[in-house]
Each structure stands twice: as C-alpha cells, then as structure tokens.
1. Please name all residue pairs, on different chains or six or more residues apart, with Cβ atoms under 7 Å, provided the first residue is in the range 285-301 and is within 12 Å of Thr363 (Cα to Cα) and the second residue is of a type in the set (S, T, N, Q).
2. Give me the pairs, please: first residue somewhere in the range 46-63 and under 13 Å from Glu35 (Cα atoms), second residue anywhere and among the aromatic types (Phe, Trp, Tyr) and modelled with pLDDT under 95, beta-carbon distance under 8 Å, and either six or more positions apart or on two chains.
3. Report yes if some residue within the range 231-241 is within 31 Å of the chain's Cα centre (by Cα), outside the structural domain of Leu434 (by TED's automatic domain parsing) and not hydrophobic (A, V, I, L, M, F, W, C); otherwise report no.
4. Being crowded, with 21+ Cβ neighbours inside 10 Å and touching an Asp or Glu at 6+ places or on another chain (Cβ under 8 Å) is the filter here, so list the residues in the range 348-393 that pass it.
5. Would you check which residues across the range 10-33 are of a type in the set (Val, Ile, Thr), in contact (Cβ under 8 Å) with a residue 60 or more places away in the chain and in a helix (DSSP H, G or I) and list them?
6. If you check Leu386 against the conditions, is it touching a residue at least 40 places away in the same chain (Cβ under 8 Å) and of a type outside the set (Val, Ile, Thr)?
7. Could you please find all residues in the range 45-102 being under 29 Å from Asp242 (Cβ atoms), modelled with pLDDT of 90 or more and among the small types (Gly, Ala, Ser)?
8. Residues of the range 160-211 being over 21 Å from Glu461 (Cα atoms), assigned to a helix (DSSP H, G or I) and basic (Lys, Arg), which ones?
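The values are calculated or read from the model by the stated rules, or taken from the named source; none is laboratory data. None of these values were measured; they are calculated from a predicted model. Here the Cβ is made from the backbone with ideal geometry for all residues, glycine too, and neighbour counts use every protein chain on show.
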Amino acid sequence: MGFFSILVMAAALILILYPIISRGLSAYIFRATSEHRRVQFTEFGIGSAQEIERETAEVTAARQPVFDMIVAHEKDLKAELQEAVDQVHALAAAEGGFLQRSLERRLKRAHADASVEEYLTVLTDVRKSLEGQFDRERFTDVITLITERKQRVEVETKKLTEMKHALRDLLGPLPGDRITELLRSHYGQTRWDRCLHYQDKFLYRYEWDYSNPELSGLKMRTPRVEDFRGTDLEPAFAYVRDNLEAMMQPRLTLYWQFLTTDSRDAHFFGGIWPEVLGTFYLTIGAMLFAIPIGVIAAIYLCEYARPTKTVSLLRSCISTLAGVPSIVFGLFGLAFFLNTISVSESKSVLAGSLTLALMILPTVIRASEEAILAVPFTYKEAALGLGAGRWRTVLTVILPAALPGILTGIVISMGRAAGETAPIIFTAAVSVGLALSPLQTLNSPTPALPWNIYNLCTEHEAVDEIRHVQFGMVFTLVALVLMLNIIAIALRARISRKLRG
C-alpha cells in the first residue's frame, strides 16, 4: 500500500509539473529569430554590433523580393487609376477657368511618389467637385470612369492592406511604414514558433461560415494567393513559404536573460527580473515579520500561559485565522496598514510584507507550538534540575530541540507567502514596474510573479502572444519556491545532525 501511494503521488506530480516545466522552459530555450537578436542588441545592449549588422543585411536581402513585388503591385494599381487622372487633366484643360484651377489643385497630390490611398483620395475629391457642378451631365463619362476604377481599386487595395498587415505582423515594419511609438511595431516576430503561426496567417485568410444554423460557425481557411491570382504578388506567397528561414534566420537559443532583464512594451520583449525580485522581497519581508512574532507567541502559549479560558479562546482564534480566505487579509492590509496607520503613502513592499506576515502567522504559531510540545519533558526537567531558569531553559534546550519542527512550519509558510496573489493586490503589487533597491521597498510598490501571472493571463491586450512569458513566470515561481524550500530543508537537516551529535 505504501509503494502504491508513492506511485500515485509521483504520477500526480508528473501530471501537474510536466506542462509547467515543458512550456515554462520554452521561455528560456527556443529558436530565436534575427528580430530577437536585434531587440537584444538595440534595447539591452546584448550582442555584437558587427554580427547584428551583417545578419540584418542578410535578412533584408532575403525579404527584398517580397517588398519589390508589393511595390510592383502598387504601381499596377496606380497605373489603373492613372487613366482616370489623365481624363481629369484633359477635362480641366478643356474647361479652363475656375474648374481647371480647382481640379488642378486636387490633382497635384497624385504625384509619382503618392500611394494608392492618396490616388483614391484625390479621385474622390475630384468626383465630388464634378458632381457639384450645375451641368454635371457633361461630365458623366469622366465621373463613371472615376467611379468604376475607384471601386475596383478599392477592393484590390483592401486585399493588399490585409496582406501587408499579415506580413507586417510576421516581418515587422515594411519599407515606407510610419513607425509608431509602440515598441512592438519596430520589430517582427522574435520566436520561430510565432513565425510559423503568422506565416500561416499570411498564407491563408480565415473566415467564418454561418450558413448552417445547426452549427455556431465553421472556420473557413482560404489561400490568400487566390486574391492576387495573375498579379505581381502571386509569387510572393510561395516565396514566403519556401524562404521563411532565410528571412528570419532562427537559431536555438538559451535565453537566460529572461530571468535578469526587465520587460519592454508590456512583456512583449525582455524578461521578468522585477517580478522575481519583487516576489523575493515580499517573501523574505513576510518571513522577517512572521517568524519572530510566531515563535515568541508559541513559546508564550506553551511555556508561560496558564490554561485559562482566555488562552483557550486565543488558540481558537489562531486556528480560525489560519482558515480565513487570503482576500480578507488583503482588504485588512489595505484598511489598516495603508489607510489607518499609513506605513507608506501608497502601495509598497513593506505594506505587502506585513499583510503576508499576518496571513502566515497562524501557521507559524501552530507549527512552532507542535514542535515545542513534541520536545520530551525530560529535557526541561534536566535543565531546571541543573539550576537553569525558565527562559534559559527555553532558549538553550527547548528551542534547539524544537527547531527542525519549527523550520518545517516556516518552509510551508514560505511557500504560501511566495505564491499568494490576493493579499498583495491591494497592498503591494503593480502590473508594470522596475526592479527596486532594498531602500525603495519601504515606500514603493513592485511587480510580483503571482499577480503578474494572473494579470498577463486575464487582462493583457494580447494574451495569446505572450503565452511563453506566462508559463515562464509560472515555472520561475515554482523554481523560486522550490529553491527557498531546499535551502530551509538543508538548514533543518544540518541542525538536526548537530542535535544528534
């Protein structure tokens, strides 16, 4: 039965930890593209300038044929509109006077370097101007030509815009794009798995078919090349499909900087160092407050307090507090530490640590009590018989003997403090922030792994784009708690060996 129980526990651990470890490691080990290396160099100063310059030249050369196809297709669309523009030029020259000046002023925007969208805007203005004349019947042929060409090119332009948007998501900004302030608009996909996802979105257009009332909707996958059959852009889709590796240059990378750098653009780039450091601050701060108070309270209850109704009630209250939901402690921390005694002006690591300390204090007290009561009574008798006072007996005999059990309670409390989210929502945690120095913890909030995991999974604007960050944070939190537990367990084992002599 014991062997079977061990197998069940091992299977449960594997079932729970395998997806966390396998997907969490993907934040550290993955095939990084040239865009990732460019981000690392530009934003964090990691890498060689010569290597980045050489690689950028190679990927630009590999992408250039696609850019040239887009330019050629846009020239074809402008050429199709140019006939209508020429007709308007001829009409303006024939009419003369105010109408000529009005049309020529609008036509100046349809220059050689103008985009298709600018051509369409010019023709829209021209048509409105012609339709506004009293004798518009004389311009019917030109208006009809403008309308036909404009409608056709608008349809083609919409398809081209969708295609360029899909390509921009894959490769980053295209030549001639206006770069926004958002950092994500400066770069393409940094991970090869995301490249494959966006390559599929570039090659295929997804639509929903609601014609069958028995189904909620059927997802249709249509090759995007069908929209450009017979045009200059038709070969672009086969080119991207066959040459994506040359365009992105993926390499297997150990990205340990994920643990040591801060995030950029809401975790689209960079790492999780502020969250790791914030979790460490909150956990250690909670233990610094909870351990002394908890152990002293346990000593008082076991060695000094008389068995009265008041003490019995106090023990019941401690047991009750151990089962109170963590969100209650969070609201109490907000109301008491921040709004009543104002340990800081706003959220801070100090307020969060005090709140977490209150939450784990009952566990520390009860575990310490059990450890002290488990010490053989003969130890106490022997110390008192040799003339030691009560306090000296507690300090030199009972506490050392109970220390392994006390450390067990501390280990359990430490894991809970590191993983709690609700108490720090109101008192300490923020979604985005820089790593704090120890002095800043007294009056500044901090990112923390538990809160940021929840925030990224539920409230991030692009939750599916940063799944690797979410699982990377979960893996790091589990590893951090495991590391703290191993340290505490090793310390407990060392103390136990010393006690055994």
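1. Ala290/Ser413; Gly294/Ser368; Val295/Ser368; Ala298/Ser368
2. Gly47/Phe41; Ile52/Phe41
3. Yes, some residue in the range 231-241 is within 31 Å of the chain's Cα centre (by Cα), outside the structural domain of Leu434 (by TED's automatic domain parsing) and not hydrophobic (A, V, I, L, M, F, W, C).
4. Matches in the range 348-393: Leu356, Met359, Ile372.
5. Ile20, Ile21
6. Judged against the criteria, Leu386 is not a match.
7. Of everything in the range 45-102, those that are under 29 Å from Asp242 (Cβ atoms), modelled with pLDDT of 90 or more and among the small types (Gly, Ala, Ser) turn out to be Ala57, Ala61, Ala62, Ala72.
8. Passing the criteria: only Lys164.
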